[in-house]
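Everything below concerns the one structure shown next.
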Amino acid sequence: MSDSEDEAPDKQLKLIVMGDGASGKTSLCMRYSQEQFSKDYGQTVGLDFYLKRINLQGNTNVALQVWDIGGQTLGGTMLDNYIFGAHGVLLVYDVTSFSSFENLEDWFNAVKKVCGSGPMPHMALIGNKSDLEHLRTIKQDKHQKFAQDHNMSNYYVSAKTGESVSQVLSLQVALCFQKIAADILQVKLSKPEVDQHQRVVKAEIIDYNNSYGSTTRKSPARQQAKSSLCNIT
């Protein structure tokens, strides 16, 4: 990013990524901010914070503050503080886990409670692990209905591949975040901005445990790769 004096100042957006543990929230954040995926699953305790700067059409410079909220925080004393002041909330579930989808209502109500009678932040429904189409337990019509009933934008992504999967009309993770930021700021994405993220790949049958991890202990490699602040320009 240029440091020239005439550059428009950054717009700051706070995005909260919420949902059940093991739904892939941290993998989603790391795919977006660091363009990497770890097979070792480690539960986020409390929250982790990431920062990414993007440029939208019209030379709109945006600093996205991405808050990765641990799944165990639902009902906790700090959750209200995490949600407060959010411009956007990404409710993430695992398309292979019925319980992670079923619990979305509780996560949504937690946001609603903080907002009270005031305006809600932009709400986005994210179906993660779309590369595991053969293990899907949540039909697409259920996904769509939940989004419509709660006035949410909705997406399918794969934090593992970072790519789009033609069978479920999945978006690249980067485009998903970019579209959410654009919707919040009411900025229309240009066709080149959309096209550069729409590479289609084939979904494959893969080993679920080896791909997304089955252990709840953080490996030293993962602890080193994930920092409390990831500043990507």
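Quick notes
- Remark: spin-label model distance Thr60-Lys112 equals 2.8 nm, labels positioned 7 Å along the Cα→Cβ axis.
- Förster radius 30 Å - calculated FRET efficiency between Arg53 and Ser153 (Cβ-Cβ, nearest 0.05): 0.85
- Cα-based shape type of the stretch 36-161, given that a ≥ b ≥ c are square roots of the gyration tensor eigenvalues and the cut on a/c is 1.5: rounded
- Accessible area per residue was computed with a 1.4 Å probe on protein heavy atoms; Thr137 scores about 70 Å².
- For the stretch 66-98, chymotrypsin sites (Phe, Trp or Tyr not before Pro) are listed when DSSP marks them as loop and at most 15 other Cβ atoms sit within 10 Å of their Cβ; the list is Phe84.
- The solvent-accessible area of Leu91, taken with every protein chain present and a 1.4 Å probe, is close to 0 Å².
- Restraint check, Lys145/Lys179; Lys113/Lys188; Lys139/Lys160; Lys52/Lys188; Lys52/Lys139, Cα-Cα greater than 23 Å: Lys113/Lys188; Lys52/Lys139
The values are calculated or read from the model by the stated rules, or taken from the named source; none is laboratory data. These numbers were taken from a predicted model, which means no experiment stands behind them. Note that we place each Cβ from the backbone using ideal geometry, even for glycine, and neighbour counts take in every protein chain shown. For the accessible areas, the whole protein counts, side chains as well, though only heavy atoms, and no ligand, DNA or RNA atoms are used. Shrake-Rupley method; radii C 1.70, N 1.55, O 1.52, S 1.80 Å.
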